[in-house]
Amino acid sequence: MQTLIPSKMALTPEGVLQIEWSDGHQSRYTPQNLRGSCPCAECVDEITGKRQVFPQDIAAGIRPREARPVGRYAYQFVWSDGHDTGLYSYEYLRALCECDDCLAKRNDTKEKE
């Protein structure tokens with residue numbers, strides 16, 4: 001299986017994070033959803049795995065100030081609210097994609113369950 005890696009990353013003037021992947025896929029992420037999906041121990045209980053922070057808990061004006069690569073497997077975002085402890089693996093980032101195709105695929109999967 002091919003490991004997918006981000007080849008380009010940009011923040012639009014509207015605040016949408018765009019990632020182009022090594023397979024050509026164009027992902028898009030609203031900052032509020034991306035920040036609210038942070039996988040860190042503060043946002044997800046380490047013992048139960050239960051999410052503690054949700055996208056609807058995040059202020060609408062949130063923005064990533066910086067995206068730091070972590071090895072060859074993840075990004076660490078520094079958010080405008082000061083939060084910076086989450087490591088977003090490439091696999092996790094790809095799974096969070098909010099493009100129309102990925103949203104439709106996730107909805108189809110939910111309907112079949």
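Only one entry of Arg28, Arg94, Arg35 meets the criterion of being assigned to a strand (DSSP E or B), surrounded by 11 or more Cβ atoms within 10 Å (Cβ to Cβ) and of a type in the set (Lys, Arg), and that entry is Arg28.
Just to be sure before I move on: is Gln52 free of Cβ contacts under 8 Å to residues at least 40 places away in the same chain, in contact with a helix residue (DSSP H, G or I) (Cβ under 8 Å, 6 or more places away or on another chain) and either farther than 25 Å from Ile5 by Cα or not polar (S, T, N, Q) (or both) in the structure I sent?
Taking the combined requirement at face value, the residue does not satisfy it.
Just so you know, in the stretch 73-91 the residues that are farther than 17 Å from Gly24 by Cα and among the acidic types (Asp, Glu) include one that is surrounded by the most Cβ atoms within 10 Å (Cβ to Cβ), and it is Asp84.
Checking Gly49, Gly15, Gly61 one by one, the residue that is exposed (fewer than 14 other Cβ atoms within 10 Å of the Cβ) and on the phi > 0 side of the Ramachandran plot is Gly49 and no other. Of all the listed residues (Ala60, Ala74, Ala67), the sole one being at pLDDT below 95 and under 14 Å from the mean Cα position of the chain (by Cα) is Ala67. Exactly one residue out of Arg68, Arg72 is basic (Lys, Arg), touching a residue at least 12 places away in the same chain (Cβ under 8 Å) and under 24 Å from Ser7 (Cα atoms), and it is Arg72. Looking only at residues in the stretch 9-45 that are closer than 17 Å to Asp81 by Cα and among the β-branched types (Val, Ile, Thr), the one that is farthest from the chain's Cα centre (by Cα) is Val16.
The values are calculated or read from the model by the stated rules, or taken from the named source; none is laboratory data. Here the structure is a predicted model, which is why all the values come from computation and not from measurement. Every residue, glycine among them, receives a Cβ derived from its backbone with ideal geometry; neighbour counts consider all protein chains shown.
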